[in-house]
1. Between helix 166-185 and the chain, what is the angle of the helix's C-alpha long axis to the longest principal axis, kept within 0 to 90° and rounded to the nearest 10?
2. Any of 185/207; 174/202; 170/308; 63/185 with alpha carbons more than 27 Å apart? Name them for me.
3. Report the residue, chosen from 295, 315, 257, that carries the largest GNM mean-square fluctuation when the chain is represented by alpha-carbon nodes joined by springs under 10 Å.
4. Which GluC sites (Glu not before Pro) from the range 55-105 combine a DSSP loop assignment with at most 15 other Cβ atoms within 10 Å?
5. In whole Å, what are the extents of the range 8-122 along the principal axes defined by its C-alpha atoms, from largest to smallest?
6. Using the 10 angstrom Cβ neighbour count as an exposure proxy, how do 325, 235 rank, fewest first?
7. Sort the range 240-321 into rounded, prolate or oblate with this rule: let a ≥ b ≥ c be the square roots of the eigenvalues of the Cα gyration tensor; rounded if a/c is under 1.5, and if a/c is not under 1.5, prolate when a/b is larger than b/c, oblate otherwise.
8. Mind checking the full-extension length gain between residue 155 and residue 14? Use 0.36 nm per residue of separation minus the Cα-Cα distance, one decimal, nm.
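Throughout, read-outs are computed from the coordinates displayed, never taken from laboratory work. These figures come from a predicted structure and were not determined experimentally. Heads up, the Cβs are rebuilt from the backbone with ideal geometry, glycines too, and the neighbour counts pull from every protein chain shown.
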Amino acid sequence: MDLSKDEYQYPLLNEKLRKCSSYQYLYNHKLNAEFLRKYELEDELGSGGFGFVLLAKERATEKKVAVKFILKSKIPNSGWVRDEKEGFIPMECFIMKNVNHPNIVKYIDSFSDIKLFYIVMELHGNAWAKDEDTLNNNNKKSGEIEYQNAMDLFECIESRAGGFTEFQAKYIFKQIFASVNYLYKNGIVHRDLKDENILIDKHFKIKLTDFGAASYMKDYYENNQYFVNKFLGTMAYAPPEVLKGEQFGTIAQEVYSLGTILYLLIFGEIPFKSPEETLFSNNIFLNAPKNVKCSQGVLNLIEWMLQKRPEDRPSMASIINHPWMRNNI
């Protein structure tokens, strides 16, 4: 591909991209030329109201990466922060640059043009082999793990038509919890913990992704530019106090979302189907599938994490030390 030294260039769009929703943004739009010299666009991985994610290939190595394109017009003033090297960048990019955890998608690079900001990140997951058997071989029965194609947790559960075994659920949940606990220790709240933001590969290894709603906790930095309290998450995973309009961005709210995810892993569905149920239902397990077998320990932990009052929920340390988290099944 012959690219001049111009700052912006039109991308070459293949047949796949011409059929994707992101085509409306890429057609007749000049992308950053340095980005195009490094990467070749291949396919669309997803899209939403704030932008889209594309599969790309690094030209020098042919390594596959994911590139998130964010519409600058959709980023509020409070969503931009000053980076020492790059100037003003989206909060999402700032946070990704400054975290490093095995269960969080890794930042690689970033670019921008007049309309879009791009975040290049690792591509997690690949096609799963049915005959592979790699999940904690010492503690599981032969054939217990069933392999799916690489996908997010929502797609994985949909394809299974239900949740996981309790053994599998614990293995997955511990990784999710580890990523959130790491963020917490670094003063960060993800604020949109849900199945669609958790990627899972052929070994049941997970990566937390999509930091578009993430923020630093209020007291972590003296500079208020790092704290955002506007609700940007997903209603089905939001705790009662957020639905009532209270301040958004506390660790107790992350704990509630984690409880919803753990319920989902065990039962294959979320506990409450509407904001009204979240606010007023007093029986967390009222609609739980009756055919699911699980221990009293996991039910106890779920119930504790889904308490309506934030002060009644466990701390992160209490979750780590809960018997279900510490004991092997």
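1. Once rounded, the angle reads 60 degrees.
2. On the way: 185/207 18 Å; 174/202 17 Å; 170/308 23 Å; 63/185 32 Å.
As for pairs spanning more than 27 Å Cα to Cα, those are 63/185.
3. 295
4. Details: sites: 58, 62, 84, 86, 92; in loops: 62, 84, 86.
The qualifying sites are 62, 84, 86.
5. Rounded to whole Å, the extents work out to 37, 30, 24 Å.
6. Details: 325 16, 235 12.
Fewest to most other Cβ atoms nearby, the residues stand as 235, 325.
7. On the way: a/c = 2.14, a/b = 1.23, b/c = 1.73.
Note, shape of the range 240-321 comes out oblate.
8. Numbers: separation 141, 0.36 × 141 = 50.76 nm, distance 2.60 nm.
Computed gain between residue 155 and residue 14 is 48.2 nm.
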